[in-house]
Amino acid sequence: MKDNRVGFGVVGLGQISKTHANALKGQEDCYLVGGFHKNPEKADAWAAEHNCRAFYSLEEMLADPEIDAVSITTPSGYHLDPALAAIRAGKHVLIEKPMEITEERINLLIEEAKKNQVLLCGIFQSRFQDAPLLMKKAVEEGRFGTITLADAQFKWFRTQEYYDSGAWRGTWAVDGGGVLMNQGIHAIDLLLFLMGDPVEVSGYTATLAHERIEVEDVAVATLRFPNGALGVIEGTTGAYPGSLKRIEICGSKGQAVLEEDSITKWKFAEERPEDAEIRARFAASTSFGGANDPKNISQIGHTREFADFAKAIKNGTSPFIPGEEALRSVHLIRTIYKSAEARATVTF
């Protein structure tokens, strides 16, 4: 560790890699060493943009003693191999969502990280935003009373050109799924973060608004949670012009709505002094997200997650989102796919 700071290398230099690079800038406990791409021109251009080193092979990056940890930003189905290589080289690993596209691959990463005594972390930056953390606190304190409904909606829009822009997009082999696995996984992860795992799942999927893709661009699922509460997951990339992702929790003593990184409804039968402050704070905020542009996401969550991961590495503790947590949303999405294919309710 250089100057007691965790040195990061970035693998896969596409659009989301820029968010990772920018999130590492100005951090107290970590910094960007460099990025790897097998195309030297792309590696050089990215390194010049972010004022860091260019690596032309993964082996070169993993052999560098300044690299303590690696963030993986390749397409979803290409996470496994570089992540395994980094883990086996003794590097800590942080992986963009989804951690991988099957439970088996994620479990392999978890097992190898334990075997090699390195930390494994999944990127779910929405969990680090203030609004979801306030909702989580309200759930844990029982402020909703008996929770009756818990819903996640992501009615987004992606053009046909978006899917045509990369051969991997919209494929089962590399994308791992459609609107659920790629776009909606953040909302699904938040629903699990707030509510815990469901016990029953029933799903429907379809491809309606796009051509030349193998996966779904619209999906609906109903859930039953252990306490009896019901939930709905509803998503599409065919809703022009697109709406912010939305999480709603309803109970016998309260109701709250999260839209992207803001709270738009916050009402409880037993009012507390801080409730008016929360409503006023978020009424004055402006939410933005990837409803119609995947580049239009806030960097705050990534910045906080890199800080959390670096502190976990330095202190020898678990990160906020270890591999086991990153597995949960993929498992639920794959269960929805199984239900849709079987046209039956599936036990989770």
With the charge dipole of the chain built from beta-carbon charges (+1 for Lys and Arg, -1 for Asp and Glu) about the Cα centre, the Cα from Ala283, Ser262, Thr317 projecting farthest to the positive end belongs to Ala283
Once the dipole of the chain is set up from charges on Cβ (+1 Lys and Arg, -1 Asp and Glu), the residue from the list Val199, Met135, Leu120 lying farthest towards its positive end is Met135
With +1 on the Cβ of every Lys and Arg and -1 on the Cβ of every Asp and Glu, the dipole magnitude of the chain about its Cα centre, in debye rounded to the nearest 20, is 380
With T = 25 °C, eta = 0.890 mPa s and Kirkwood Rh from C-alpha pairs, the Stokes-Einstein D of the chain in µm²/s is about 118
Footprinting proxy, Lys97, Lys38: sorted fewest to most Cβ within 10 Å, the residues are Lys38, Lys97
Taking the chain and counting helices only, DSSP H stretches of n ≥ 4 at -39,500 (n - 2.57) each over all residues, the nearest-500 ellipticity at 222 nm comes to -11000 deg cm²/dmol
Longest principal axis of the chain (C-alpha) makes with the long axis of helix 300-315 (C-alpha) an angle, in degrees to the nearest 10, of 60
A correct Karplus calculation of ³J(HN,Hα) over the range 330-338, with 6.51 cos²θ - 1.76 cosθ + 1.60, θ = phi - 60°, whole Hz and x for Gly and Pro, returns 5, 5, 5, 4, 5, 5, 4, 4, 5
Quick note on Arg169, Arg272, ordering by fewest other C-beta atoms within 10 Å, gives Arg272, Arg169
Contact order relative to length for the chain, counting C-alpha pairs under 8 Å separated by 6 or more residues, stands in percent at 20
If every Lys and Arg gets +1 and every Asp and Glu gets -1 at its Cβ, then about the Cα centre the range 182-250 yields a dipole, in debye to the nearest 20, of 160
Contact order relative to length for the range 6-124, counting C-alpha pairs under 8 Å separated by 6 or more residues, stands in percent at 23
Note on the range 247-348: alpha-carbon gyration tensor, axes a ≥ b ≥ c; rule is a/c under 1.5 for rounded, else prolate if a/b larger than b/c, else oblate; result oblate
Of the listed pairs Lys25/Lys91; Lys38/Lys114; Lys91/Lys114, those with alpha carbons more than 23 Å apart are Lys38/Lys114
Rounded to one decimal in Å, the inverse mean reciprocal Cα-Cα distance for the range 22-173, i.e. its Kirkwood radius, is 18.3
The size of the Cβ-based charge dipole (Lys, Arg +1; Asp, Glu -1) of the range 6-124 about the Cα centre, to the nearest 20 debye, is 100
For Met1, Met99, ascending order of other Cβ atoms within 10 Å (fewest first) is Met1, Met99
Set Lys2/Lys42; Lys97/Lys338; Lys42/Lys155; Lys137/Lys311, cut-off 30 Å on Cα-Cα distance; pairs above it are Lys42/Lys155
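Every number here is computed from the coordinates shown, using simple stated rules; none is lab data. Computed from a predicted model, the values in this text were never measured in an experiment. A quick note on method: Cβ atoms are made from the backbone with ideal geometry, for glycine too, and the neighbour counts reach across all protein chains shown.
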